[in-house]
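Structure first, commentary second.
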Amino acid sequence: MKTTREKAKEDNHKNLVDNLQELLEKNYDAEKGFKKALEDSNHENLKGFLKHQAVKRSRFATEIDKIIRDLDEKPKEDGSATGTAHRAWIDVKNAFTGKDDDGILEECIRGDKASVDEYEEKMKNNDFPQNITSVLDKQLVEIQQTLSKVKTLENLNENWE
């Protein structure tokens, strides 16, 4: 039988890993979302930006994957069902409204806002070890910077042509 301390340590470990798995899924979803946006975009400059963001989210996923492995756990290997459903919805929407860069940028903003919210919620409600907090803080700052840039790009969309 486990002591109260052992049970608490086990519960803390499980909570830590579960939260990291959720952020890992979020980054898989974001990477796939940026790749989908890349396919749908009409302008080379925007395509370059979207490709860079997909690569960045892949890096984030790799960093979180490593943390989970360092905790002797098996990382998830794919995004969430919600992310898959959202990309399917975008396909349906695009079939009716057409693929336009304004819509692509709006979806990027929405996705990045959701990422910022999730990172902030996880950081606020969990007491991650400092080494993990450092990685997640850095990723959050990069997502916030991307969100600001996408908002600026949306305002300057006519310059893609």
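The values are calculated or read from the model by the stated rules, or taken from the named source; none is laboratory data. All figures in this text were calculated on a predicted structure; none of them were measured in a lab. For neighbour counting, all protein chains shown are included, and Cβ atoms are generated from backbone atoms with ideal geometry for every residue, glycine included.
One table, with the values for the structure above:
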| item | result |
| --- | --- |
| The range 98-108: number of residues that are out of contact with any His (no Cβ under 7 Å at 6 or more places or on another chain) and either surrounded by fewer than 17 Cβ atoms within 10 Å (Cβ to Cβ) or among the charged types (D, E, K, R) (or both) | 7 |
| Answer from Asp112, Asp101, Asp78, Asp91 - the residue that is modelled with pLDDT of 90 or more and of a type in the set (Asp, Glu) | Asp112 |
| One residue from Lys56, Lys51 being part of a helix (DSSP H, G or I), touching a Ser or Thr at 6+ places or on another chain (Cβ under 8 Å) and not hydrophobic (A, V, I, L, M, F, W, C) | Lys56 |
| Which numbered condition Thr133 misses (of (1) in contact (Cβ under 8 Å) with a residue 40 or more places away in the chain; (2) under 17 Å from Ala61 (Cα atoms); (3) not aliphatic (A, V, I, L, M)) | (1) |
| Residue in the range 31-43 that is modelled with pLDDT under 90, under 19 Å from the mean Cα position of the chain (by Cα) and either loosely packed, with under 14 Cβ neighbours inside 10 Å or not in a helix (DSSP H, G or I) (or both) present | yes |
| Sole exception among (1) under 16 Å from the mean Cα position of the chain (by Cα); (2) at pLDDT 95 or above; (3) of a type in the set (D, E, K, R); (4) surrounded by 13 or more Cβ atoms within 10 Å (Cβ to Cβ) for Lys138, by number | (4) |
| Complete set of residues in the range 103-130 that are in contact (Cβ under 8 Å) with a residue 60 or more places away in the chain, part of a helix (DSSP H, G or I) and more than 14 Å from the chain's Cα centre (by Cα) | Ile104 |
| Set Leu46, Leu71: member being hydrophobic (A, V, I, L, M, F, W, C), closer than 28 Å to Pro129 by Cβ and modelled with pLDDT of 85 or more | Leu71 |
| Residue within the range 1-14 that is of a type in the set (S, T, N, Q), closer than 30 Å to Gln130 by Cα and outside any helix (DSSP H, G or I) present | yes |
